[in-house]
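Just so you know, all these numbers are worked out from the coordinates, no wet-lab data involved. As the structure is a prediction and not an experimental result, all values here were calculated from the model. When we count neighbours, we look across all protein chains shown, and the Cβ atoms used for this are built from the backbone with ideal geometry, even at glycine.
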Ligand SMILES: [Zn+2]
């Protein structure tokens, strides 16, 4: 994980919203089919930056995926 220059409070953004660290815009939640450790998972919710198309998970989503054993 890249080092950050300390917490920055962006103006007008609600707490808890996940922001793309590059674009400083809110990630959008989308549903995709994906493969995770050899298993195909359907309708997995992920977050995608509408600007740079970076995809990421919330910690909660990651926990759901890993917990499906
Ligand atoms: Zn972005």
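What is the packing order of peptides 55-62, 43-50, taking the mean over residues of other C-beta atoms within 10 Å and listing the highest first?
Descending packing order for the listed peptides: 43-50, 55-62.
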note = Percent relative contact order for the stretch 30-69, counting Cα pairs under 8 Å at least six residues apart, stands at 28 percent
